[in-house]
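Once you've had a glance at the structure underneath, I'll fire off some questions.
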Amino acid sequence: MAMEGEKRRYITSAELRGHNTPGDLWISIQGKVYDVTRWVKDHPGGDIPLLNLAGQDVTDAFVAYHPATTWTLLDRFFIGYLADYRVSAVSKDYRRLVAEFARLGLFDKKGHGVLFSLIFMSFIFLVSVSGVLLSTDASVHLISGLLMGLLWIQSGFLGHDSGHYNVMISPGFNRLMQILSGNCLTGISIGWWKRNHNAHHIACNSLDFDPDVQHIPLFAVSSKFFNSLTSYFYERKLAFNSVARFLVSYQHWTFYPVMCVARVNLFAQSALLLLSKKKKVPGRWQEIVGCTIFWIWYPLLLSALPNWTERAMFVAANFAVTGIQHVQFCLNHFSASVYVGQPRGNDWFEKQTMGTLDILCSPWMDWFHGGLQFQVEHHLFPRLPRCHLRRISPYVEELCRKHRLPYTAASFWDANLRTIATLRTAALQARDLTKPVPKNLVWEAVNTHG
């Protein structure tokens with residue numbers, strides 16, 4: 001920090017933008033500029049959030065992801081002041097809302113939802129395993145398979161929450177919960193999920209930066225993918241070739257069947273990351289051991305079934321049920337606004353609200369959606385425990401109305417219709433590339449019937 005009487009160093013936004021590479025990375029937070037080049041590799045949230053927002057003011061993203069205790073840690077990276085620092089009216093209101101929720105203690109009050117989830121999950125696991133080991137009835141085995149799928153869904157919700165905030169009493173126990181609920185119970189790397197999910201939150205619905213909308217060659221939510229965009233997350237071109245064109249042309253028919261087996265991709269992505277020598281994975285060996293445990297107990301459970309037909313039935317039931325969760329992930333974003341390009345730190349609130357969609361449901365159905373039904377609220381306040389999302393939704397809706405921003409919400413049924421309509425629109429465009437691309441794909445999707 002500058003000593004009293006020492007001349008302050010002022011840095012312009014243009015100069016800040018020039019420091020946007022892994023070897024020279026500056027960011028600005030609330031009018032101060034920080035050189036975080038050496039911190040990138042040690043950043044708890046991974047390198048992707050910093051790389052994606054390099055050379056920008058990142059105040060809103062920082063406020064969203066970090067508690068007040070982290071502000072003091074910034075001093076060691078301080079190098080000067082942003083000369084032309086400005087705050088939009090939307091950002092001012094957003095930051096006031098974050099401060100108000102912090103004052104009320106909402107970020108720290110987790111309720112008893114995690115305890116209830118753990119009890120529910122333990123019960124389902126025991127019933128499912130008992131059904132396989134203690135019964136010879138094929139219908140009981142089928143029910144056990146369906147219950148195992150339900151268990152994986154609830155485990156996914158818990159793993160999601162534990163990646164955003166401490167669901168347990170300490171970071172150590174939180175990490176243990178992540179390994180147990182993710183790696184050991186479902187075979188999915190929590191490290192892979194955090195890397196993927198952080199990139200998604202920072203670059204919500206950016207076609208070339210958000211991995212959650214990059215599903216070429218199977219799906220394309222926008223005709224912009226027909227230009228073979230480069231994925232900055234996967235570090236490769238998303239080639240729109242003849243195979244991709246054929247698959248995308250029928251994506252509105254294949255969407256649900258693919259979702260039923262989407263977990264295979266999660267297994268593969270987890271293995272690729274954990275075995276990669278280029279990517280840094282905190283606690284890599286913990287994760288590998290956890291996934292190994294899954295690939296021991298799950299095949300052993302399958303081997304207890306009397307024949308291959310029932311084993312296939314059990315696995316199919318697992319995957320079909322968890323397909324519901326994969327559909328849920330897509331409903332929140334596939335029919336929302338998309339864009340091409342690097343995410344920007346000065347329109348955080350706008351991009352999060354435009355790229356997300358809430359699911360309308362009664363409180364008694366919250367267990368089914370696991371907090372994903374309040375996707376707008378979750379994207380704006382990712383550290384907020386899910387038990388508070390319903391409570392804060394009126395404040396978010398009011399702020400959107402004040403600044404004339406979209407606050408999109410639909411029933412589970414309507415959200416499915418919107419998603420299929422979006423996929424159908426892009427599918428029809430893929431079949432005939434000679435026709436001009438519509439200016440507003442979301443409008444076309446909502447107004448397409450048949």
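In percent, what relative contact order does segment 165-247 have, based on Cα pairs under 8 Å that are 6 or more apart in sequence?
This gives 18 percent for segment 165-247.
Excluding Gly283 itself, what net charge comes from residues whose Cβ is under 12 Å from its Cβ, given Lys and Arg +1 and Asp and Glu -1?
Overall, the nearby charge balance is +3.
For segment 1-66, would you read off the P(r) tail past 18 Å as a percentage of all alpha carbon pairs?
Above the 18 Å cut-off, segment 1-66 has 36 percent of its Cα pairs.
May I pose another question? At most 10 other Cβ atoms within 10 Å and a DSSP loop assignment: could you name the trypsin sites (Lys or Arg not before Pro) in segment 82-135 that fit?
Arg86
Here are several values of Rg and Dmax of the Cα atoms in Å: [x] 22.9, 83; [y] 20.7, 63; [z] 20.9, 67. Which one was derived from the coordinates shown?
It is the value labelled [x].
Give a residue-ordered list of calculated ³J(HN,Hα) values for segment 128-139 (Karplus: 6.51 cos²θ - 1.76 cosθ + 1.60, θ = phi - 60°; whole Hz; x for Gly, Pro).
Coupling constants for segment 128-139: 5, 5, 5, x, 6, 7, 9, 10, 10, 7, 5, 5 Hz.
Can I ask one more? Tally Lys/Arg at +1 and Asp/Glu at -1 over every other residue whose Cβ is under 15 Å from the Cβ of Asn20; what's the total?
Charge balance in the 15 Å sphere: -3.
Which net charge results when you count Lys and Arg as +1 and Asp and Glu as -1 among the other residues whose beta-carbon is under 15 Å from that of Asn416?
0
What percent do you get for the relative contact order of the chain when only Cα pairs under 8 Å and 6+ apart count?
In percent, rounded to a whole number, it is 19.
Among the listed pairs Lys7/Lys32; Lys32/Lys110; Lys237/Lys278, which are separated by more than 25 Å between their Cα atoms?
Distance filter (> 25 Å) returns Lys32/Lys110.
Still on this structure, please answer the following. When the Karplus curve 6.51 cos²θ - 1.76 cosθ + 1.60 is applied with θ = phi - 60°, which whole-Hz ³J(HN,Hα) does each residue of segment 148-165 get, with x for Gly and Pro?
Per-residue couplings from phi come out as 5, x, 4, 4, 4, 5, 5, 5, x, 4, 5, x, 4, 5, 5, x, 9, 7 Hz.
Using a 10 Å cut-off on Cβ atoms, rank the peptides 311-317, 64-70, 176-182 from the highest mean neighbour count down.
Sorting 311-317, 64-70, 176-182 by mean packing, highest first, produces 176-182, 311-317, 64-70.
Looking only at the chain, where both bridge partners belong to it, what percent of the DSSP beta bridges are antiparallel (to the nearest 5)?
Looking only at bridges with both residues in the chain, the antiparallel portion is about 65 percent.
Still on this structure, please answer the following. Report, ordered by chain and residue number, the lysines lying within cross-link reach of Lys402, taken as a straight Cα distance under 21 Å and ignoring same-chain residues fewer than 8 apart.
Lys92, Lys351
Let me ask something additional. Rounded to the nearest 0.05, what FRET efficiency is calculated for Arg38 and Trp364 with R0 set to 41 Å and r the Cβ-Cβ distance?
0.25
Segment 256-316 to segment 23-40: how many Å between their Cα centroids?
Centre-to-centre distance over Cα atoms comes out at 38 Å.
No lab work stands behind these numbers, since they all come straight from the coordinates. These numbers were taken from a predicted model, which means no experiment stands behind them. Ideal geometry is used to build each Cβ from the backbone, glycine not excepted, and the neighbour counts take in all protein chains shown.
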